[in-house]
């Protein structure tokens, strides 16, 4: 599949979603759409790629399972709220009358980012080597660990939030005892699958865009900074104590 056609497809989809949010006032659905775009591109690359069938099947399995699990998780969470997520409400307030113009640029940017994050899947899907050696199995092991860890972290947090007795408290259950953002950590870990799955493939260097860009976005841009800002507003000193004792990203035994 031509990469420019893939980019045009996700841009058009995001423009359509932007037009929908003009009426619905729910720009936050771009999060679920972003993950679904990566999954959709991965499946298209798996179907239309010119690589070995084995590698194309791996793309469908590894990228598809990660992307659509995340998209479903986000969609269920968004559907459970009548109002737009607080991050997007803050953006609307900040930009005022220019909010819709800002969101147009923002949605186009999300399309570009989704396209970039799907490039590792494109590399694997066009790898002509059908050999399933140790590197491939190591990549599959990382995929399985990351998918299981992220799913477990999401379930633990969801169960904590549903418990009426924990209202106003900070989740320290399970993986959240060892990391303030275990879901983000395992999401990042997932991207190390691709350099192993595509070891020796043409343009293999593109597979390193996944872990590098994901770390940048999660740790410095859209992930941890905004999430922690919201948590400090809602949890105050309890979250400050959580910050003092708990690793921000990589799971680690908590400090006393």
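Since every read-out is calculated from the coordinates, none of them should be taken as a lab result. Just so it is clear, the model here is predicted, and its values are computed rather than measured. Cβ sites come from the backbone with ideal geometry, for glycine too, and all protein chains shown count toward neighbours.
Is the shape of the stretch 138-188 best called rounded, prolate or oblate, per the rule: a/c under 1.5 gives rounded, else a/b larger than b/c gives prolate, else oblate, with a ≥ b ≥ c the square roots of the Cα gyration tensor eigenvalues?
prolate
Which of rounded, prolate or oblate describes the stretch 136-256 when judged by the alpha-carbon gyration tensor and an a/c cut-off of 1.5?
Cα axes put the stretch 136-256 in the prolate bin.
Hey, with R₀ at 35 Å, roughly what FRET efficiency would residue 22 and residue 166 work out to, going by the Cβ-Cβ distance, to 0.05?
0.40
Can you tell me the orientation of helix 53-79 relative to the chain, as the angle in degrees between its alpha-carbon axis and the longest Cα principal axis, to the nearest 10?
Value to nearest ten degrees: 20.
Can you put 150, 93, 187, 54 in order, fewest other beta carbons within 10 Å first?
The order, fewest Cβ neighbours first, is 93, 54, 187, 150.
Taking Cα pairs under 8 Å and at least six residues apart, what relative contact order does the stretch 1-130 come out at, in percent?
44 percent
Normalising by the residue count of the chain, find the relative contact order in percent from Cα pairs under 8 Å and 6+ residues apart.
Values: 325 pairs, mean separation 53.2, N = 256.
Relative contact order comes out at 21 percent.
If neighbour count is taken as other Cβ atoms inside 10 Å, put 136, 212 in order from fewest to most.
Values: 136 20, 212 11.
Arranged by neighbour count, lowest to highest, 136, 212 become 212, 136.
Taking the chain as the reference, fit the longest principal axis to its C-alpha atoms, fit the long axis of helix 86-95 to the helix C-alpha atoms, and give the angle between the two in degrees, 0 to 90, nearest 10.
90 degrees
What full-extension length gain, to one decimal in nm, is calculated for residue 152 and residue 48 as 0.36 nm per residue of separation minus the Cα-Cα distance?
Values: separation 104, 0.36 × 104 = 37.44 nm, distance 3.29 nm.
Between residue 152 and residue 48, full extension yields 34.1 nm more.
Roughly speaking, what is the stretch gain from residue 212 to residue 144, that is 0.36 nm per residue apart minus the C-alpha to C-alpha distance, in nm to one decimal?
22.5 nm
Exposure proxy check: 147, 61, 70, 213 ranked by fewest other beta carbons within 10 Å?
61, 213, 147, 70
Under the classification rounded if a/c is under 1.5, otherwise prolate if a/b is larger than b/c and oblate if not, where does the stretch 1-122 fall, given a ≥ b ≥ c as square roots of the Cα gyration tensor eigenvalues? If you can, show how the numbers build up before the last one.
Values: a/c = 3.20, a/b = 1.86, b/c = 1.71.
Judged from the Cα gyration tensor, the stretch 1-122 comes out prolate (a/c at least 1.5, a/b above b/c).
With a Förster radius of 30 Å, plug the Cβ-Cβ distance of residue 221 and residue 81 into 1/(1 + (r/R0)^6) and report the FRET value to the nearest 0.05.
Here the calculated transfer efficiency is 0.80.
Counting pairwise Cα distances across the stretch 75-209, what percent come out greater than 25 angstrom?
49 percent
Return one quarter of the surface area of the convex hull spanned by the alpha-carbon atoms of the chain, equal to its mean projected area, in nm². Show your work: numbers first, answer last.
Working: hull surface 56.6 nm².
Its average projected convex-hull area is 14.2 nm².
Rounded to the nearest 500, what is the 222 nm mean residue ellipticity of the chain from helices alone, with -39500 (n - 2.57) per DSSP H run of 4+ residues and division by all residues?
-22500 deg cm²/dmol
With everything on Cα atoms, drop me the angle between helix 99-117 and the longest principal axis of the chain, reported from 0 to 90° to the nearest 10.
On a 0 to 90 degree scale, this one is about 40.
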